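Engineer: Structure incoming, see below.
Each value in this text was obtained by applying a stated rule to the coordinates, not by laboratory testing. On a predicted model such as this, the values are computed, not experimentally measured, just so you know. Positions of Cβ are generated from backbone atoms using ideal geometry, with glycine treated the same way; all protein chains shown enter the neighbour counts.
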Amino acid sequence: MADSTTIRPLPAAEVTEWDLRADVVIAGYGIAGVCAAIEAARAGAQVLILERTGGWGGAAAMAGGHIYLGGGTPLQHALGFEDTPENMEKFLLAAVGAGADKARIADYCRGSVDHFNWLVESGVPFKEEFWGEPGWEPPHDEGLNYSGGENSAPFNAIATPAPRGHVPQMTDKKVGQRSGGYMLMKPLSETAEKLGVRAEYDLRLRRLVVDETGRVVGVRATRFGEDVTVRAERGVVLATGSFAYQQQMIENHAPRLIGRPAAAIEEHDGIGIRLAQALGADVAHLDATEVAFFGDPQMLARGVLVNGRGQRYTAEDTYGGHIGQRTLMQQDNQAYLIMDETGYEEALSTVTATPFFRQPPKWAAESIAELETEIGLPEQALQTTIDTYNLHAAKGSDPLLGKKPEWVRPLTGSFAAWDMRGFTAGFTLGGLRTDLDARVLHVSGEPIAGLFAAGRCTSGICTGGYVSGASLGDGSFYGRRAGIAAAISENATE
């Protein structure tokens, strides 16, 4: 971690010249930053975005594009799905993990329909088509799918299942490069530009500037090694992303991710969090992480996933983020996928957005006993697991873990196994504590004057568990709040 003196706030009295000025200064041109910019501009503020790379987009532009929305959006209704804010809230409270922020989740769910409408009005396209197959994201340009395990155990018994993964329509998708996230950012950036939002690129945020009262009145950045000092007349919005690529923070707060590839971008180095902490900002849930599991969902649903002891530990048809967390955090990253020939051939005949996950098996055998030996599992461990699974599968049920009946059938014939140990990656979910107006809170509980934040540098709606679309969802939702709050903030003292 950088020397702490480099991130301490810079007194405004030491600034001899302001290189740039705006009413609202936003650090980061990803989803939170662009939504903050649009709302601040619509509120009458002059807006300047500072972006450390050479263009807009951030991690959002590379994402699959799920925006977690519900409560009865027009897209849900058009495709025949009923949902209410209360039903959405019930699911999220069960899914997002311990320490759920009930007020934030209620706020998000009740504002979800309006937020969808705002995105559409801002130019984001959604196709009225549903994708109901297991998958990381729709393989084509379908606009709605299940993205959080809402229709799988145990959540399908807690709240009425409703798909809430809203995906912007994108043709010629390239997973991990240009998917639905690109078509979320592109129209929003165009909207911001039309509103007169300015952007400066290749600027790395270094310090916050504060006046004699402690109010944030600007930032110090560098461009190619040269200092650039920017005045914020009304407020600074931090939209700088997670700390997934800040090794010391990972070691301190989320050690389960040590050595795991980060499902984020290298610019997510925690700088916004650290700068605010240097002002006394409070943080929350820094240990919380999303965990992706690099398995093809069509294969997983048709097989049996076991741990290093040969035992099942999750319903294989659930959301991949749940499988990833359970594998990394509860099973020490030990996992093997067991399939029979029929299930494997069925999976290969289906369409997927992630064909690169369909690798040949490591082991093949004519019996489970032989496969057990090949893998090196304790004698009878895998055999007992499969015997138990098949006993109930013959009746079309899975009483142990609740896999849905359409994916349950006995495994017979010849078998294959995939070594999926270490097939996880993740990014951090915790960050700055903010109120519902996106004001950064001091450890005392009071807002830090002039400082606002949204997106993955804050602790959003997910406090442990995750649903795909939560980052783009609460990042855009509270990005808007941050922009409005900063725009109407009392002017800083000269």
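Engineer: Just in the range 52-109: which GluC sites (Glu not before Pro) are loop by DSSP and have at most 11 other Cβ atoms within 10 Å?
Structural biologist: Glu82
Engineer: Do any trypsin sites (Lys or Arg not before Pro) in the range 304-391 lie in a DSSP loop with no more than 11 other beta carbon atoms within 10 Å, and if so, which?
Structural biologist: none
Engineer: Measure out, as a whole number of angstrom, how far apart the alpha-carbon centroids of the range 30-60 and the range 209-254 sit.
Structural biologist: 15 Å
Engineer: Suppose we keep just the DSSP beta bridges with both residues in the chain; what percent of those would be antiparallel, to 5?
Structural biologist: Approximately 60 percent, going by the DSSP bridge assignments.
Engineer: What angle, in degrees between 0 and 90 and rounded to the nearest 10, separates the Cα long axis of helix 180-194 from the longest principal axis of the Cα atoms of the chain?
Structural biologist: Result, in degrees: 20.
Engineer: Continuing with the same structure: Can you tell me the mean projection area, over all orientations, of the convex hull of the chain's alpha carbons? Units nm², please.
Structural biologist: The Cα convex hull of the chain, projected and averaged over all directions, gives 22.4 nm².
Engineer: Using alpha carbons only, how many angstrom separate the centre of the range 384-412 from the centre of the range 368-383?
Structural biologist: Going from one Cα centre to the other spans 19 Å.
Engineer: In addition: Treating cross-link reach as a plain straight distance, find the lysines whose alpha-carbon is under 16 Å from the alpha-carbon of Lys102, omitting any fewer than eight places away in the same chain.
Structural biologist: Cross-link targets: Lys90.
Engineer: Considering the options Gly396, Ala353, Trp418, tell which one lies farthest towards the positive end of the dipole of the range 297-422, charges being +1 on Lys and Arg and -1 on Asp and Glu at the Cβ, about the Cα centre.
Structural biologist: Ala353
Engineer: Same structure again: In square nanometres, what is the average projected area of the Cα convex hull of the range 297-422?
Structural biologist: Across all orientations, the range 297-422 yields a mean hull projection of 7.0 nm².
Engineer: Here's another thing I want to ask about it. Over 22 Å between C-alpha atoms is what I'm after, so list which of Lys127/Lys404; Lys127/Lys174; Lys174/Lys403 land there.
Structural biologist: In this structure, Lys127/Lys404; Lys174/Lys403 exceed 22 Å between Cα atoms.
Engineer: List Val24, Val96 from most exposed to least, where exposure is judged by having the fewest other Cβ atoms within 10 Å.
Structural biologist: Starting with the residue having the fewest Cβ neighbours, the order is Val96, Val24.
Engineer: Taking the C-alpha atoms of the range 120-245, how large are the radius of gyration and the largest Cα-Cα span, Dmax, in Å?
Structural biologist: 20.5, 58
Engineer: Next question, about the same structure. Among the GluC sites (Glu not before Pro) in the range 316-371, which ones are in a DSSP loop with at most 10 other Cβ atoms within 10 Å of the Cβ? Mind listing them?
Structural biologist: Within the range 316-371, the qualifying GluC sites (Glu not before Pro) (loop, at most 10 other Cβ atoms within 10 Å) are Glu366.
Engineer: Which of Val120, Val230 comes first, and how do the rest follow, when ranked by fewest Cβ neighbours within 10 Å?
Structural biologist: Starting with the residue having the fewest Cβ neighbours, the order is Val120, Val230.
Engineer: Would you mind checking the tilt of helix 470-487 against the longest principal axis of the Cα atoms of the chain, expressed as 0 to 90 degrees and rounded to 10?
Structural biologist: 10 degrees
Engineer: Considering only C-alpha atoms, what is the centroid distance from the range 278-311 to the range 115-194, in Å?
Structural biologist: 21 Å
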